[in-house]
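Chemist: Handing you this structure, nothing more for now.
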Amino acid sequence: MALYSEKVMDHFRNPRNVGILEDADGVGEVGNPVCGDIMKIYLKIADDTITDVKFETFGCGSAIASSSMATEMIKGKPLSEALALTNKAVTQALDGLPPHKLHCSVLAEEAIKKAVKDYYDRNGISYDHSQFPDCEHCEHCHA
Ligand code: FES
């Protein structure tokens, strides 16, 4: 069996939503201290809905494919759905990742959460802080 699914290879070779949104309403950047990879997500938000999303990922192929898939999954969706997106859902949508690459998909989940939090902070919108654990210190980053 190939190490990577066709979907992973497709999103790695032709990533969707790559780039920067200069006038983003929320930006989230996370890094994995172990591998040094960095992912940045830009969101445009209107009426609690993600109207546009772009990403920049300086990282491995799995991280790029995860960012691409994750941005596709939240585009046009309400913020509540974006916040509920798990790395597991991203991995499933990619038809799986090798076990030692699962942590790469965590960056996508966390960067999206951080971008939504940034939007809330910029606009003085109150939120449940437990929804946004301090990602730099979670177990995934040390996996
Ligand atoms: Fe660092 Fe994939 S190896 S994110």
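The values are calculated or read from the model by the stated rules, or taken from the named source; none is laboratory data. Just so it is clear, the model here is predicted, and its values are computed rather than measured. Here the Cβ positions follow ideal geometry from the backbone for every residue, glycine too, while neighbour counts run over all protein chains shown. Side chains included, ligands, DNA and RNA excluded: accessible areas come from the protein's heavy atoms. Shrake-Rupley method; radii C 1.70, N 1.55, O 1.52, S 1.80 Å.
Chemist: Look through 128, 134, 121 and report the one residue that is open to solvent by 40 Å² or more (accessible area, probe 1.4 Å), at pLDDT 95 or above and acidic (Asp, Glu).
Modeler: Every option except 121 fails the conditions.
Chemist: Got a sec? Which helices (runs of 4 or more DSSP H) wholly within the stretch 1-116 have at least 2 residues that are modelled with pLDDT of 95 or more and small (Gly, Ala, Ser)?
Modeler: Details: elements: 6-13, 61-74, 79-84, 87-93.
Filter on the stretch 1-116 gives 61-74, 79-84, 87-93.
Chemist: Okay, moving on. Just to check your reading of the model, which residue among 106, 34 is over 17 Å from residue 13 (Cβ atoms) and open to solvent by 10 Å² or more (accessible area, probe 1.4 Å)? It would help to see each step written out before you state the result.
Modeler: Details: 106 fails: open to solvent by 10 Å² or more (accessible area, probe 1.4 Å).
Answer to the check: 34.
Chemist: Take the conditions surrounded by fewer than 17 Cβ atoms within 10 Å (Cβ to Cβ), of a type in the set (Asp, Glu) and within 20 Å of residue 7 (Cβ to Cβ) and apply them to residue 48. Does it pass? Quick ask: steps written out before the conclusion?
Modeler: Numbers: surrounded by fewer than 17 Cβ atoms within 10 Å (Cβ to Cβ): yes; of a type in the set (Asp, Glu): yes; within 20 Å of residue 7 (Cβ to Cβ): no.
No: the conditions fail for residue 48.
Chemist: Restricting to the stretch 32-51, give me the number of residues that are small (Gly, Ala, Ser) and in contact with a strand residue (DSSP E or B) (Cβ under 9 Å, 6 or more places away or on another chain).
Modeler: Start the filter on the stretch 32-51 by keeping residues that are small (Gly, Ala, Ser), which leaves 36, 46.
Among the residues that remain, those that are also in contact with a strand residue (DSSP E or B) (Cβ under 9 Å, 6 or more places away or on another chain) are: 36.
The total comes to 1.
Chemist: Okay, moving on. If residue 14 passes every condition in (1) more than 16 Å from the ligand (Cβ to nearest atom); (2) under 15 Å from the mean Cα position of the chain (by Cα); (3) more than 26 Å from residue 125 (Cβ to Cβ) but one, which one does it miss?
Modeler: Single failed check for residue 14: (2).
Chemist: With 78, 99 as the choices, which residue is surrounded by fewer than 23 Cβ atoms within 10 Å (Cβ to Cβ), under 24 Å from residue 125 (Cβ atoms) and more than 12 Å from the ligand (Cβ to nearest atom)?
Modeler: Details: 99 fails: under 24 Å from residue 125 (Cβ atoms).
Sole residue among the options that is surrounded by fewer than 23 Cβ atoms within 10 Å (Cβ to Cβ), under 24 Å from residue 125 (Cβ atoms) and more than 12 Å from the ligand (Cβ to nearest atom): 78.
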